[in-house]
Amino acid sequence: MHSPIVRRALDHDLAGAGEVSVEAFVGDGHTRPGSGYVELLRDTARRNREAELLVAVDGDGAVLGCVTFAAGGTPWADIALPDEGEIRMLAVGAAARGRGVGRALVGAAIDRSRELGLAGMAFSTRPEMTAAHRIYDALGFLRTPERDWEAAPGMDLMVYTMRF
């Protein structure tokens, strides 16, 4: 198996990235099928226009996973400070799991933060997203409970950070 290619999304990637996002969040039970968040997950053109949508593709160009990257202080950054990068909506399609796709996407976001001269990263995750937590731990992110927050009533989010 070859490593996925990770790059900024192109127009022809957007539909596949939207499908992977919805599949991961709804399919894993993190998002209700009828919630407004589903449309945000599917609207990859907006995510790519207003932030940066990174995709992982296979050798044939099929989208395996994606993540939204935003610099702190921009509209898509929920909790990142101005000198931090943030990832949102990390999603890997079920068929691509266990192949290093999530790790490659997070690694690309770290690289992007460094390219922008940022001093670190911070992002939120749900407590039940344990597969993602293993990636964050392996890459050297630290749990930062003093920055944990509640996105909506009953939706507690854990924060992970890394300083460069």
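Worth a mention:
- Given +1 at the Cβ of Lys and Arg, -1 at the Cβ of Asp and Glu and no other charges, the dipole of the range 6-164 around its Cα centre is 260 debye to the nearest 20.
- Multiplying the residue separation of PHE164 and GLU50 by 0.36 nm and removing their Cα-Cα distance gives an extension gain of 38.5 nm.
- Around ASP137: net Lys/Arg minus Asp/Glu count, Cβ-Cβ under 12 Å: +3
- Calculated accessible area for the range 1-139 comes out at 46 Å² per residue, all protein chains present (probe 1.4 Å; ligands, DNA, RNA ignored).
- The ASP58 and ASP137 beta-carbon pair, evaluated with R₀ = 25 Å, returns a calculated FRET efficiency of approximately 0.45.
- Amide H within-cut-off set for ASP148, under 5 Å, with H built and near neighbours excluded: VAL159
- For PHE123, the amide hydrogen comes within under 5 Å of the amide hydrogens of TYR160, counting only partners 5 or more places away or on other chains and with H modelled in the peptide plane.
- Highest-first packing order for the peptide set 49-58, 88-97, 128-137, 150-159 is 49-58, 88-97, 128-137, 150-159, based on the mean count of other beta carbon atoms within 10 Å.
- Computed over the chain: relative contact order in percent, which uses C-alpha pairs under 8 Å that are six or more apart: 19
- Alpha-carbon centroid distance for the pair the range 121-141 / the range 43-115, whole angstrom: 13
- Rg/Rg_globular for the chain, with Rg_globular taken as 2.2 N^0.38 Å and Rg from C-alpha atoms: 0.95
- A dipole drawn for the range 40-79 from +1 and -1 charges on Cβ atoms has a positive end, and of LEU64, LEU54, TRP76 the residue lying farthest that way is TRP76.
The values are calculated or read from the model by the stated rules, or taken from the named source; none is laboratory data. Just so it is clear, the structure is predicted and the values come from calculations on it, not from any experiment. Positions of Cβ are backbone-derived with ideal geometry, glycine not excepted, and every protein chain shown enters the neighbour counts. Protein only, heavy atoms only, side chains kept; ligands, DNA and RNA dropped before computing areas. Shrake-Rupley method; radii C 1.70, N 1.55, O 1.52, S 1.80 Å.
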